[in-house]
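*Asks:* Sharing a structure below in structure tokens format, with a few things to ask.
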Amino acid sequence: MSRSIVRQSKFRHVFGQAVKADQGYDDIRVSKVTWDSSFCAVNPKFLAVIVESSGGGAFLVLPLSKTGRVDKNYPLVIGHSGPVLDIDWCPHDDNILASCSEDCTAMVWQIPDHSLTRALSDPVVVLEGHSKRVGIVSWHPTARNILLTAGSDNLIIIWNVGTGEPLLSMDDHPDLIYSVSWNRNGSLFCTTCKDRRLRVCDPRKREVVATNFEEPIALLELDTSNGVLLPYYDADANMVYLCGKGDSSVRYFEITEEPPYVHYLSTFSSKEPQRGMGFMPKRGVDVSKCEIARLYKLHDKKCEPITMTVPRKSDLFQDDLYPDTAGPEPAMEPEEWLDGRDEDPILVSMREGYVPPKSRELKVAKKNVLDSRPTTRRSMSTVDTNSLPPQLLERLLEEIQNLKATVLSQEKRICDLENKLSQYTNGTA
């Protein structure tokens, strides 16, 4: 007698469930602009949604705790002069968000921890370098302040938002760029294009290192819909969530290293089609409820969170579901990445749950390109030390070292106090 073999997987029984009505976000005028982005971005602190706006582009930013009906006069972020096309939260600072628009610019914003009390119209930095609308913004996964933008001019520019300057650009695409995705350590990124080609690019070499592969390792026919698919990959669980724009379902799959590689798990279905979707980083899920993913589904006038849960009877922390995940600390500085260094994300434990740190101000050091005069300020290395008595020079150097040690000690103390305050504020202390 033959017996069918059921593949063993801890994710085989993952199920999706929409939250209760009072835990959603209502009366949101989701943008109707014709563009194939997700229109939504979320992190452990905030939900951001691109919305309809007269006289330019705008998006809404809400603290996650501000559920229920959104007041029609709630302040918006309104700096763009054209419709906003894409938004992306910085993976290294939950208060920093990038946006791009039909006005040919990208902007970086500092969002305060509290709810906005008035419209926010002053970005931290404006990035101008594209000649046509900018449709994609994507942060580097491990390097501080590195942002990628892609425009309808078929140009990709990589910026250092800390200085507001472009670092690299690539013009290897002959047609409109549909999407961009970094690999885990940010050494490469992948693009899809209107010419139906998939490209793997090395930005620091400014070259395409691979294009249209011969055969896919797996091919699945989903349906006959012509809606755009929004894929989300969970690197910790090796799962892929596929959300079709205009579709009313979310299909999810597990990826393995053995054939047939892609294993269908289940489908979450609802009555209303989705206008867009946001995907919560793993550090924002609720480990006490065995939640492994949370999606934010955009309807015409509301945003509905959907939780993905593994059924477990135990109340203990489930180590097998929550390996250490990418944390908010960058692994390197922009200059290090530009010089060729690669680093995987710095991981954090999910055992005690994740507490978002307090907002850190993004400082932009802009260079005045009009001022070419040499500075009159001199550093210690340029001072003529031969004109100083040796004993005085020694005392000055000693005092400088002592002051540096004091500053470092005070900065560490401030950081410890801010973390403690954040824990009290979030009720985890």
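The values are calculated or read from the model by the stated rules, or taken from the named source; none is laboratory data. Since we're looking at a predicted model, the values are computed, not measured. As a convention, Cβ positions derive from the backbone with ideal geometry for all residues, glycine included, and neighbour counts pool all protein chains shown. With ligands, DNA and RNA removed, areas are computed over all heavy atoms of the protein, side chains included. Shrake-Rupley method; radii C 1.70, N 1.55, O 1.52, S 1.80 Å.
*Asks:* Tally the residues that are at pLDDT 95 or above, in contact with a strand residue (DSSP E or B) (Cβ under 9 Å, 6 or more places away or on another chain) and within 19 Å of Lys297 (Cβ to Cβ), restricting the search to the range 40-62. So that I can check it myself, show each step before the final result.
*Replies:* First pass over the range 40-62, keeping only residues at pLDDT 95 or above: 40-51, 58-62.
Okay, now just the ones that are also in contact with a strand residue (DSSP E or B) (Cβ under 9 Å, 6 or more places away or on another chain), so 40-43, 45-51, 58-62.
Filter once more, so that each one left must be within 19 Å of Lys297 (Cβ to Cβ): 40-43, 46-51, 59-62.
Final tally of qualifying residues: 14.
*Asks:* Considering only residues of the range 335-348 that are under 17 Å from the mean Cα position of the chain (by Cα) and within 15 Å of Leu188 (Cα to Cα), which is most open to solvent (accessible area, probe 1.4 Å)?
*Replies:* Of everything passing the filter in the range 335-348, Asp344 is most open to solvent (accessible area, probe 1.4 Å).
*Asks:* What are the residues in the range 98-134 that are in a loop (DSSP other than H, G, I, E, B), in contact with a Pro (Cβ under 6 Å, 6 or more places away or on another chain) and hydrophobic (A, V, I, L, M, F, W, C), if any?
*Replies:* The answer is Leu116, Ala119.
*Asks:* Also, quick follow-up: Run Lys32 past the list (1) within 21 Å of Val161 (Cβ to Cβ); (2) free of Cβ contacts under 8 Å to residues at least 24 places away in the same chain and report the number of the one that doesn't hold.
*Replies:* If we test Lys32 against (1) within 21 Å of Val161 (Cβ to Cβ); (2) free of Cβ contacts under 8 Å to residues at least 24 places away in the same chain, just (1) comes out false.
*Asks:* Against the conditions (1) farther than 24 Å from Lys363 by Cβ; (2) surrounded by fewer than 23 Cβ atoms within 10 Å (Cβ to Cβ); (3) aliphatic (A, V, I, L, M), where does Val84 fall short? Just the number, please.
*Replies:* Failing condition for Val84: (2).
*Asks:* Also, quick follow-up: Of the residues in the range 224-253, how many are without any contact (Cβ under 8 Å) to a residue 40 or more places away in the chain and in contact with a strand residue (DSSP E or B) (Cβ under 8 Å, 6 or more places away or on another chain)? Quick ask: steps written out before the conclusion?
*Replies:* The initial filter retains those residues of the range 224-253 that are without any contact (Cβ under 8 Å) to a residue 40 or more places away in the chain, namely 224-227, 229, 231, 233, 238, 240, 242, 244, 246-249, 251, 253.
The next check asks that each one be in contact with a strand residue (DSSP E or B) (Cβ under 8 Å, 6 or more places away or on another chain); those that pass are 225, 227, 229, 231, 233, 238, 240, 242, 244, 248-249, 251, 253.
Result for the range 224-253: 13.
*Asks:* Let me ask another. Go through (1) part of a loop (DSSP other than H, G, I, E, B); (2) within 23 Å of Glu333 (Cα to Cα); (3) open to solvent by 50 Å² or more (accessible area, probe 1.4 Å) one by one and return the number of the condition Asp175 breaks.
*Replies:* Single failed check for Asp175: (2).
*Asks:* Scan the range 263-302 residue by residue and report those that are in contact with a Gly (Cβ under 9 Å, 6 or more places away or on another chain), part of a strand (DSSP E or B) and open to solvent by 20 Å² or more (accessible area, probe 1.4 Å).
*Replies:* Ser266, Thr267, Phe268, Ser269, Arg294, Lys302, listed by residue number.
*Asks:* Of Pro216, Pro231, Pro260, Pro305, which residue is assigned to a strand (DSSP E or B) and surrounded by fewer than 17 Cβ atoms within 10 Å (Cβ to Cβ)? First the steps, then the outcome.
*Replies:* Values: Pro216 fails: assigned to a strand (DSSP E or B); Pro260 fails: assigned to a strand (DSSP E or B); Pro305 fails: surrounded by fewer than 17 Cβ atoms within 10 Å (Cβ to Cβ).
Selected residue: Pro231, the only one of Pro216, Pro231, Pro260, Pro305 that is assigned to a strand (DSSP E or B) and surrounded by fewer than 17 Cβ atoms within 10 Å (Cβ to Cβ).
*Asks:* From the list Gly57, Gly79, Gly68, pick out the single residue that is closer than 24 Å to Tyr178 by Cα and without any contact (Cβ under 8 Å) to a residue 60 or more places away in the chain. Full working, then the answer.
*Replies:* Values: Gly79 fails: closer than 24 Å to Tyr178 by Cα; Gly68 fails: closer than 24 Å to Tyr178 by Cα.
It is Gly57.
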